[in-house]
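Read through the structure below, which is laid out as structure tokens, and then see the notes.
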């Protein structure tokens with residue numbers, strides 16, 4: 001990455017990715033006068049984003065979707081394409097020698113910033129079922145320092161010496177990150193050199209030395225290699241539904257069977273002049289029929 005992009009925050013780079021995924025794509029088919037242009041229009045949207053970590057380095061994980069607008073017009077049920085991204089600024093730089101110079105002379109090497117971008121994409125209906133494969137892949141990604149890289153070489157260096165004797169290997173790392181064996185103890189030099197030059201160390205723009213002692217009688221597999229170094233917080237697919245009104249209960253109130261549990265209770269002492277009618281949404285409890293009142297006796301005229 002150039003310096004202009006390297007100085008941007010991850011959330012800004014994510015917004016650029018989402019924005020660039022939408023728009024019109026043109027493709028010309030044919031030759032000469034019979035060439036014809038074909039255009040496709042895409043739309044994209046950001047579903048969620050949250051902080052994620054790889055080892056001790058912080059990054060950003062996000063879920064985005066992309067759709068072909070022409071397909072959506074023909075078929076409203078056409079599904080979007082869903083992707084899960086992980087972005088992280090790497091804690092090291094990448095050095096490249098200038099064309100007119102050399103690694104140890106001439107112009108100084110050019111430094112590039114490094115951005116790690118991993119993407120998992122699938123159809124929405126298969127996205128969650130195969131998402132553990134993405135997590136398994138991220139669990140096997142490790143950001144190595146020079147010391148960790150030398151430790152990782154231990155298993156390959158075991159065949160270069162006597163397992164009963166401790167060994168030492170010293171490596172000179174060039175400004176670009178190329179390793180050269182500087183010295184060995186209890187290791188066959190040519191064998192150790194083949195192992196060390198297989199990998200690239202972290203270039204710093206300046207040469208430096210790294211060294212490690214090996215005890216082949218002990219387990220050589222690093223502990224950090226078996227432990228997953230990736231952690232993330234993924235937003236739920238759907239928000240939790242609120243409780244329905246008919247699931248609400250009123251505690252401490254005895255109500256007749258069939259009465260609406262959400263209706264407020266009638267006042268204990270109704271006002272004078274007759275009973276207050278129940279609310280319009282309340283269901284009146286069934287009552288037993290009562291005999292009609294007897295007619296009043298005729299009153300004597302004075």
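At full extension, residue 209 and residue 226 could sit 3.4 nm farther apart than now, given 0.36 nm per residue minus the alpha carbon distance.
Our Cα-only numbers for the stretch 107-180 put the radius of gyration and Dmax at 19.5, 56 Å.
The modelled label-to-label distance between residue 96 and residue 137, using points 7 Å beyond Cα along the C-beta direction, is 2.5 nm. Along Cα→Cβ, 7 Å out, is where each label goes; now give me the distance between the ones at residue 39 and residue 164 in nm to one decimal. The two pseudo-label positions are separated by 7.9 nm.
Note on residue 73/residue 15: beta-carbon distance plugged into 1/(1 + (r/R0)^6) with R0 of 30 Å gives a FRET efficiency of 0.65. Working from the Cα coordinates of the stretch 91-238, the gyration tensor eigenvalues give, after taking √(5λ), semi-axes of 35, 25, 11 Å in decreasing order.
No lab work stands behind these numbers, since they all come straight from the coordinates. Since the structure is predicted, the reported quantities are computational estimates derived from the model, not experimental observations. Every residue, glycine as well, gets a Cβ built from its backbone with ideal geometry; the counts of neighbours run over all protein chains shown.
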